[in-house]
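The values are calculated or read from the model by the stated rules, or taken from the named source; none is laboratory data. The shown structure was predicted, so the numbers you read here are calculated from the model rather than taken from an experiment. Cβ coordinates were reconstructed from backbone atoms using ideal geometry, including for glycine residues, and neighbour counts include every protein chain displayed. Please note that ligands, DNA and RNA were not included when accessible areas were found on the heavy atoms of the full protein model with its side chains. Shrake-Rupley method; radii C 1.70, N 1.55, O 1.52, S 1.80 Å.
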Amino acid sequence: MLNRRRLLALGAATGGAMLLPFTKSAPAGAKGDEPLRKDYLLGNRTARTVRPAIAPFTTQMPVSTVLQPAQSGGVDIYTIPIRAANAQILPGVQTPVLTYGGQFVGPTIRAKTGRRVKVIYQNRLDMPANVHLHGGHVPATSDGHPMDVIQPGQARVYDYPNTQQGATLWYHDHSHHMEAEHVYRGLHGMYVIEDDSEQSLRLPSGAYDVPILLRDAEFDANGALVFSDPANRTTILANGKVQPFFPVAARKYRIRLLNASNEHVFQLNLGGATMTKIASDGGLLPAPVQVTELALASAERVEVVIDFSRYAIGTKLVLSNGSDPVLRFDVVRQAADSSRVPAQLRALPALPAATVVRDVAMSFDLSGTDPVGMINGKAFDPNRVDFQIKRGSTEIWNIINAETFPLDHTFHLHLEQFRVLERNGGAPLPQDAGLKDTVLVPPGGSVKIQATFRDFLGKYMYHCHFLEHSSIGMMGQMEIIP
Ligand code: C2O
Ligand code: CU
Ligand code: CU
């Protein structure tokens, strides 16, 4: 069948992708299965595309605009159109993208614990879309359930209570079968929650608190984004630019890193220099940790403080993924610094005793023509509830990557942050520390997590956050019941 995706793939192969508007409505039955052919999953991954030849460190890294809210009755109100746009990702080239608010990395929302946010999203695409606040503790009606979409021409209010502690969250599309392509084409942005007790710690703030959205991409010869084999996404973007530089003062910075790639595990380093890790997905760690490497899988966040006062003016520090340069910090000026990194940050909440234990096994069914993603042997069915969970209960989930071939999965739980208790039956890894909502599970591996389902009722998702996997079925539905 020559569906929209196959058309797009043909267009990309002939360099004509830009002639085909990807905002065309998907024909009924179109599935997000184009990028994941069986041979790809089984490891036949010959990279097809060369990276765009761009002189490194010639573009300055932008920091996404912080949206200014309209305010009424103690609520911050934002309006964000979801629309197609052109973005300058490669120097001098206009790349067609999908955006929140016209920006390829959507605008940043800065929320405060205890203060409600309402976002009015207007869908100006010609296909359904929606918005999920990843890491958010929100009512089911505002969670962006895959079937709960905004139709073209319609608007929808999402209501975020912000009852959780400070954390680096992000927002992205979650529309059924389309989330992988939508996020890949740009429907991603950051949402930062700050709380008062965090502010009293005097961590670097204001202009010295910098969110950086990292993701991978593949471009064709015309500079259009190619949505195909994930292995070909060899170009890494930092806030939407290829190998940008970022001028910094010789002082401490709080850097919030998000891996917004559909499927990529980053191994970030500053060329051996130490960074002070202060937070993971769900907010601050109990105490800072000195690190030289940061493993960051798709959808994970990590916050570090980097002290550039250790370097002379003129020093250039490259943040790399393995040996691949991603971004360069250029120390360009002196600046006063009254910030600090206290020895104690925030204690983790107590772990109540768990009353339910479940297995959650992620795998592919490769027996048919197209691969099918599964959890516990079943592909996602929005009409089926997989787990019923009693409100107030604490559960232990044993997350298993059941593949017999080398393919990573990441596990993501909506609604609540969890703690990693064990990895492969032993101690967790450093990147498992703190409050987490997403965790990497390598093939054959297992991760034991614990979560408490505190208050909200209704249907929420859990899934592999390699979005090409979730969009073809590697997703389950839980219902929190009274
Ligand atoms: Cu980041 Cu269900 O998603
Ligand atoms: Cu989520
Ligand atoms: Cu997966």
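What do you reckon, is Ser338 among the hydroxyl-bearing types (Ser, Thr, Tyr) and over 23 Å from the mean Cα position of the chain (by Cα)? Spell out the reasoning first.
Details: among the hydroxyl-bearing types (Ser, Thr, Tyr): yes; over 23 Å from the mean Cα position of the chain (by Cα): yes.
For Ser338, the condition - among the hydroxyl-bearing types (Ser, Thr, Tyr) and over 23 Å from the mean Cα position of the chain (by Cα) - is met.
Tell me yes or no: at least one residue of the stretch 106-116 is closer than 21 Å to Cys464 by Cα and not in a loop (DSSP other than H, G, I, E, B).
Checking the stretch 106-116: not a single residue is closer than 21 Å to Cys464 by Cα and not in a loop (DSSP other than H, G, I, E, B).
Within the stretch 432-459, how many residues are out of contact with any His (no Cβ under 7 Å at 6 or more places or on another chain) and either among the aliphatic types (A, V, I, L, M) or within 16 Å of ligand 3 (Cβ to nearest atom) (or both)? Before the answer, list the steps.
Going through the stretch 432-459, the residues out of contact with any His (no Cβ under 7 Å at 6 or more places or on another chain) turn out to be 432-436, 439-440, 442-458.
Still in the list and also either among the aliphatic types (A, V, I, L, M) or within 16 Å of ligand 3 (Cβ to nearest atom) (or both): 433, 435, 439-440, 442-447, 449, 451, 457.
Matching residues across the stretch 432-459 total 13.
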Leading residue by the ranking (nearest to Arg454 (Cα to Cα)) among those in the stretch 142-184 that are open to solvent by 10 Å² or more (accessible area, probe 1.4 Å) and of a type in the set (D, E, K, R): Asp159
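For Leu429, indicate whether it is open to solvent by 20 Å² or more (accessible area, probe 1.4 Å), away from ligand 3 (no atom under 16 Å from the Cβ) and either assigned by TED's automatic domain parsing to the domain that holds Pro382 or in contact with a helix residue (DSSP H, G or I) (Cβ under 7 Å, 6 or more places away or on another chain) (or both). Steps first, please.
Values: open to solvent by 20 Å² or more (accessible area, probe 1.4 Å): yes; away from ligand 3 (no atom under 16 Å from the Cβ): yes; either assigned by TED's automatic domain parsing to the domain that holds Pro382 or in contact with a helix residue (DSSP H, G or I) (Cβ under 7 Å, 6 or more places away or on another chain) (or both): yes.
Yes.
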Extreme residue, nearest to the chain's Cα centre (by Cα), among residues of the stretch 205-247 that are β-branched (Val, Ile, Thr) and in a strand (DSSP E or B): Ile212
Check on Asp381, surrounded by fewer than 13 Cβ atoms within 10 Å (Cβ to Cβ) and either within 27 Å of Asp148 (Cα to Cα) or out of contact with any strand residue (DSSP E or B) (no Cβ under 9 Å at 6 or more places or on another chain) (or both): yes
Residues within the stretch 386-407 that are more than 16 Å from ligand 1 (Cβ to nearest atom) and either under 22 Å from Gly444 (Cα atoms) or of a type in the set (A, V, I, L, M) (or both), tallied: 11
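When you go through Val420, Val447 one by one, which is the residue that is under 19 Å from Leu351 (Cα atoms) and either buried (at least 22 other Cβ atoms within 10 Å of the Cβ) or within 16 Å of ligand 1 (Cβ to nearest atom) (or both)?
One residue alone meets the criteria, Val447.
Has the stretch 188-202 got at least one residue that is surrounded by 22 or more Cβ atoms within 10 Å (Cβ to Cβ) and of a type in the set (Val, Ile, Thr)?
Restricting attention to the stretch 188-202, the residues satisfying the condition of being surrounded by 22 or more Cβ atoms within 10 Å (Cβ to Cβ) are 188-191, 193.
From what's left, of a type in the set (Val, Ile, Thr): 193.
Taking every residue of the stretch 188-202 in turn, at least one turns out to be surrounded by 22 or more Cβ atoms within 10 Å (Cβ to Cβ) and of a type in the set (Val, Ile, Thr).
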